Amino acid sequence: MTFPTLVVAIILTSAVKRRARRDGPEDRSSLEVKFPKPKPAHVISHPKPPSTRPGLAIHNTCGAINTGAARRSPLLATPALTRLRCLHECRSGDAKCATYYIHTTSTMNAVVDAVVVMMVVVMTGAPVSSSPRQGHHQHLPRNTHWTFNLTTPEIVQGMGYPAEVHHVTTSDGYLLELHRIPHGAAGPSEGRLPVLLQHGILGSSADWVLNTADQALAFLLADAGYDVWLSNTRGNTYCRRHQDLSPDQQAFWSFSWDEMAYYDLPASIDYILEVTGAADLHYVGYSMGTTIFFAMMSERPEYNEKVRVMAALAPVAFVDHIKSPLRELAPYSNDIDTVLTLLGVGELLPGTTVMDYLAENFCDADIPLVDVCYNIFFLIVGPDTSELNKDYMTSIVSHTPAGTSVHTANHYGQEVLSGNFIKYDYGLLGNLNHYGQQTPPHYDLAKVTTPVGLFHSDNDWLAAPEDVARLQQLLPNVVFSHRVDFHDFNHADFVWAVHARQYVHRYVLELLAQY
């Protein structure tokens, strides 16, 4: 696939999503939401998933899938859709299938298949609405989970926990929304320590509650006696407001995770400490949530005194060794960023009703094309079928991606190429203007003096073991390092795995209890 074609595909997708853009949800400080009590979660203690899986017979021919849609749209005859039909012929759930797809499909084509699916949805008559996601669906198709299309506070209340909505304004004018679970299902108690949970790139506070109550970290912490705070970063579903700017303006999106580290995270920490009266808090970051923590401590080391301990799930500072096909976009990321900026496109993958449609019609466990959804997911984070949370998959896809800026994604692309943990690269003149030097400065990990626990896995395609090992060597106060004892555990499993508590969260709870 040529670079111009890739640019056209991204522009088309961005244009479609901009049509379906929605504003952030309204202030719901006094939520009164009632839902049917969800079925009790089945508790599984100390699971032992098989280390090997049955062999998979790879199909050599591709059957016609969704032939009715193919007759309606000639786009379904394109090579990308042929690949997706072939991918469907592989039974989702086997790592060999994902490997087969990777080896028989060019990496760039694998990445752009998701773009093609989006275009098919629009060209074959998928409904597109600009209304914000709020409230329960009147009709949930097939196996769609009850959490589908609810806000984070609504999900929390639907699970039987209290929920609060808080707002804080950063010093550069962005309005952030925080969600709070002040106590567990058993009721309030005194002496609860605040803990802040920070989501990853393209995520939101929903990342921490899209699982059963005995597996989702937010609920586990609340039941363990913590005052749980779920933050959101600028530009996502819940943070699309600014004192002077609109999301329709390019200037609103002129940020990367540099600004999240310097403005968003400190503002959230200060607000939580002010509301609770605590002197410090615990911190749990996932993926980009670890990136901005390390960057914040480098730039604003005084915040080391405000964090007792930090648990880093799938930690990302260096990305030299990522295995995801997304690394193939890195050489083009600056060019794509430049083109989109010139065209006035600053937003990347906002959560829209288009994503809701894809979730309902491609990621539902009961429909024929669900294998496509699963395997595209595996291509990004790494294959792991035994921990794939199929019950929540429609809800996960409807909430994630939740949107961010193009610059935020490009920042990681720049790190793939540079091999360093650095600030955003604005180019020669831009760097001279921003930093007073020709190249972007490096973040200093030696300034991260907060006790840090690292949680990582061998099959994480975005936080590779080699990069985590390099990070561990440079951090001065690593007090705990936990490698997940399951070879196939991938990047997404740290928040959504079927057995997330047994593999990760029980160790997080043990770490926090020591501080």
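The values are calculated or read from the model by the stated rules, or taken from the named source; none is laboratory data. Remember, it's a predicted structure, so these values are computed and weren't measured experimentally. Don't worry about glycine lacking a Cβ; one is built from the backbone with ideal geometry, like all the others, and counts go over all protein chains shown. With ligands, DNA and RNA removed, areas are computed over all heavy atoms of the protein, side chains included. Shrake-Rupley method; radii C 1.70, N 1.55, O 1.52, S 1.80 Å.
Values computed for the structure shown
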quantity	calculated
Qualifying positions in region 197-212 - surrounded by fewer than 24 Cβ atoms within 10 Å (Cβ to Cβ) and either in contact with a His (Cβ under 6 Å, 6 or more places away or on another chain) or over 12 Å from Met159 (Cβ atoms) (or both)	Leu202
Check on Tyr357, of a type in the set (Phe, Trp, Tyr), part of a loop (DSSP other than H, G, I, E, B) and either open to solvent by 10 Å² or more (accessible area, probe 1.4 Å) or closer than 21 Å to Ser287 by Cα (or both)	no
Filtered residue count, region 380-395, keeping only those that are surrounded by fewer than 24 Cβ atoms within 10 Å (Cβ to Cβ) and part of a helix (DSSP H, G or I)	5
Index of the failed condition, Ser130 passing every other in (1) small (Gly, Ala, Ser); (2) more than 25 Å from Phe377 (Cβ to Cβ); (3) at pLDDT 90 or above	(3)
Pair list, Cβ under 6 Å, 6 or more apart: region 292-315 residue within 18 Å of Tyr515 (Cα to Cα) and touching a residue at least 40 places away in the same chain (Cβ under 8 Å), other residue among the hydroxyl-bearing types (Ser, Thr, Tyr) and assigned to a helix (DSSP H, G or I)	Ala312/Thr290
Whichever residue in region 242-265 is out of contact with any His (no Cβ under 8 Å at 6 or more places or on another chain) and small (Gly, Ala, Ser) and, among such residues, is least open to solvent (accessible area, probe 1.4 Å)	Ala261
Test result for Glu510, acidic (Asp, Glu), crowded, with 20+ Cβ neighbours inside 10 Å and part of a helix (DSSP H, G or I)	no
Subset of region 307-354 [part of a helix (DSSP H, G or I) and small (Gly, Ala, Ser)]	Ala330, Ser333
Subset of region 161-174 [crowded, with 17+ Cβ neighbours inside 10 Å and part of a strand (DSSP E or B)]	Glu164, Val165, His166, Val168, Tyr174
Condition met for Asp364 (open to solvent by less than 30 Å² (accessible area, probe 1.4 Å) and touching an Asp or Glu at 6+ places or on another chain (Cβ under 6 Å))	no
Condition met for Gln472 (in contact with a Leu (Cβ under 7 Å, 6 or more places away or on another chain), more than 17 Å from Ala312 (Cα to Cα) and among the polar types (S, T, N, Q))	no
Single unsatisfied condition, Thr352 versus (1) of a type in the set (Ser, Thr, Tyr); (2) closer than 20 Å to Glu415 by Cβ; (3) under 17 Å from the mean Cα position of the chain (by Cα)	(2)
Subset of region 215-241 (residues that are over 22 Å from the mean Cα position of the chain (by Cα), open to solvent by less than 30 Å² (accessible area, probe 1.4 Å) and of a type outside the set (D, E, K, R))	Gly225, Tyr226
Unmet requirement for Arg180, which otherwise passes all of (1) surrounded by fewer than 24 Cβ atoms within 10 Å (Cβ to Cβ); (2) assigned to a loop (DSSP other than H, G, I, E, B)	(2)
